[in-house]
1. State all residues of the range A:30-42 that are surrounded by 18 or more Cβ atoms within 10 Å (Cβ to Cβ) and out of contact with any Ser or Thr (no Cβ under 6 Å at 6 or more places or on another chain); if no residue qualifies, say none.
2. Out of A:ALA278, A:ALA266, A:ALA257, report the one residue that is within 17 Å of the chain's Cα centre (by Cα), of a type outside the set (Lys, Arg) and surrounded by fewer than 20 Cβ atoms within 10 Å (Cβ to Cβ).
3. Only residues that are among the aromatic types (Phe, Trp, Tyr) and closer than 21 Å to B:ILE194 by Cα: list them for the range B:107-146, please.
4. For residues that are touching a helix residue (DSSP H, G or I) at 6+ places or on another chain (Cβ under 7 Å) and of a type outside the set (Ser, Thr, Tyr), tally how many sit in the range B:56-81.
5. Which members of the range B:349-378 meet the condition of being within 14 Å of chain A (Cβ to nearest Cβ) and among the hydrophobic types (A, V, I, L, M, F, W, C)?
6. Scan the range B:317-368 for residues that are in a strand (DSSP E or B) and either over 12 Å from B:ALA252 (Cα atoms) or without any contact (Cβ under 8 Å) to a residue 12 or more places away in the chain (or both) and jot them down.
Amino acid sequence: MKPDVDQRRLLLLGPQPEYSSLRRALERLKMTAPVALVTAGWEEDEPDPRLLAPLLDSVPSGSFNLNLFQRSEELFAADPELIQMLRDRQDELRLLRDVYRVRLEHALEAVRRIEVDHEQRIDLTAERESAIEMVRLLDRQYFLRTCQVCDAWDERLQTPSRQEVVRHRGELRTLLDGSAAIVISGGHAAIILNRLRIFGILEMNEKLPVVAWSGGAMALSEQIVFFHDSPPQGRGDAEVLRAGMGLFHEFLPLPDARSRLRLDDAPRVGMFSRRFDAWQCVVMDEQTIMDRRQGEWWVSHDTRRLDHDGSLVPVTEMAAV
Amino acid sequence: MIQNISISLPDPRSTPGEIEVFLSERTFPVVEGSLVMFVYRGQAELVSLRHWIYGLPASIPLTRLGRTDLWFRVMEFPEGSRIEYKFGVTRSGFEEWIHDPLNLHIAPDPFGGNSVVRTAGCKTPAWALPRAETPHGKLEQMIVDSAVFGDQRPIMVYLPARFRTYRRYRLLVVHDGGDYLRYSSMATVLDNLIHALEIPQMVVAFSNPGERLNEYADDPRHAVHVVDELLPALESRYPLIQEASGRCLMGASFGAVASLSTAWRRPGIFDNLLLQSGSFAFTDVGDHSRSPVFDRVVAFMNQFRRLPGELPSRIFVSCGVYESLIYENRSLVPFLQARGVDVRYVEAFDGHNWENWRDRLRDGLSWLFPGPLWATYM
């Protein structure tokens, strides 16, 4: 029996420079009422008409912006205790992340060194698997630790019952009553996640379909993983951020992976896939649509995932989900 | 040394036509890994390689091939090297410095530019070249009245492509700004790095000196101009983060001295410095042996080393291995680190030139002001 959350209609998309797959996704929903937009990932640019106009043009049934980023700015100004506690929580999470990075660097180095050692006179398959299992364990420990920290802070924050939050949530609930779906843009994935949590809009009407792209899709996942193989600073080791909204469990969305990951580097791709083997690591391009309807996924035919051998294979081959 | 390179030179008795064929079949200089064969063709009494590699003789003669008019020289450099050079061609007793006629790659600079050769592993970074998909920032001029210098200073201000008045931006003040724009393609670099989210959107003020060697050599008026005239003018006109952590001073050569001197004279205003090939000459004992223009620099650096005061939190330092200033720049790093400064130091097999400074911009800017790349998925 799948949990109820898996029954929610959900459409996950890749980057939207032209909003082409967003248009197709909305056509699949056959909506007649306006959709509610979450553009918190754009941060201060949220109200920018030059950014908004092409998005609004892509929603034929009409739309209205929930302005979650602007609301959070108002909220923080009105509730300085809340913003201070969130900063303290962030400091704690940052310390944990720094420790995680130290441990991760060494654990991944062990995996790499064992992988590239071609002078072995004995079979090291078990050692290789064990080395990568250590990375998985570290990721898992860090994930659980961040969950503990966030849970403890949730107890202290009591976000849902704070006066200003109650007011905003009331307004948002009224707005959502007239909407056909929630559409979440890409952008800063952690900011999207935080605003979704503060305002609780996904929980207000759990029957509302959700469409989300790039950073928005990552924020809805079970576990958010940041990735970039060639950043200007550092080694570019993917790292766990923390738990996402948990609206889906099967996939690790990798938006814009073709530019962010060296997909022609088979050992690197294979290692990524094996490290995160609890999920299908899906390359999400401009044309990607992943549509969950009544608990079953439909995936656009050219959608690829990373495979353990370092290749890209169609998601459909394994998509018995 | 010639036997180390696989290219066979023509027979010393070759005809002009055979030499023409040799030249037409390859590009010059010939590069094989770390080996470079410089070739010049023309009548001359002497041909020499003129370069700016500290540690090598300033003039390295080419060898004439038999009785032909072909001159050559094979040299070895570390892989990843970028070398700027000219040929010194002596005719009728007079030497003329010219670009390599067989090499189309010229690095422009304020002195007419140089020919450039790169050994294996050294490429122009893609982010230093214009890209069709990258939106362009805007350059606008503003005039800053300078009471301390008694003149008006034209400043070019770079605003990122998605500049919005409701945002707050970091500020980068660039010494020798006109040269950075002309010779280091800095507007293109900013466009590309911002578009790639590797650095945040920022406002960049490209300033220019009056009498450069005076003003940039720890002239106390310069710090007054930057802090009390330029900065307020910029902050009154643009939405800037008005905190030291959001500000950076940068420059190359004497411009790096001006940056360090300003931060030293007016601590707590700029918390980030980007110093490229700084002319940080100093002495531990006795006089310096550089030209007199360094007198005030040496006096400043010696005083700075005695009394560094309150230093910026983060300083990026880069220098070319082929520069005479490499010793001074390497010396600066442990000095700063010992005083608690977070320092990032980068070297390159390159010289004291604008393309070297261009090619280190990504390292420096993305370290001082990291962009939202890691967390942003549009």
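The values are calculated or read from the model by the stated rules, or taken from the named source; none is laboratory data. What you see is a predicted model; the values in this text were computed from it and never measured. We place every Cβ from the backbone using ideal geometry, glycine too, and count neighbours over all the protein chains shown.
1. Residues satisfying the conditions are A:VAL38, A:ALA40, A:TRP42.
2. Matching residue, one of A:ALA278, A:ALA266, A:ALA257: A:ALA278.
3. Scanning the range B:107-146 gives a single hit, B:TRP127.
4. Residues meeting the conditions: 2.
5. B:LEU361, B:LEU365, B:TRP367, B:LEU368, B:PHE369, B:LEU373, B:TRP374, B:ALA375, B:MET378
6. B:ASP342, B:VAL343, B:ARG344, B:TYR345, B:VAL346, B:GLU347, B:ALA348
Results for (1) closer than 27 Å to A:ARG8 by Cβ; (2) in a loop (DSSP other than H, G, I, E, B); (3) touching a Phe, Trp or Tyr at 6+ places or on another chain (Cβ under 8 Å); (4) away from every other protein chain (no Cβ under 14 Å), shown as yes or no for each residue.
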position	(1), (2), (3), (4)
A:ALA126	no, no, no, yes
A:GLU133	no, no, no, yes
A:VAL165	yes, no, yes, yes
A:SER179	yes, yes, yes, yes
A:LEU208	yes, yes, no, yes
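To keep it simple, each residue is scored yes or no on (1) surrounded by 19 or more Cβ atoms within 10 Å (Cβ to Cβ); (2) free of Cβ contacts under 8 Å to residues at least 40 places away in the same chain.
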position	(1), (2)
B:VAL116	yes, no
B:PRO125	no, no
B:ARG131	no, no
B:THR134	no, no
B:GLY137	yes, no
B:GLN141	no, yes
B:GLY150	no, yes
B:ARG153	no, no
B:ARG162	no, yes
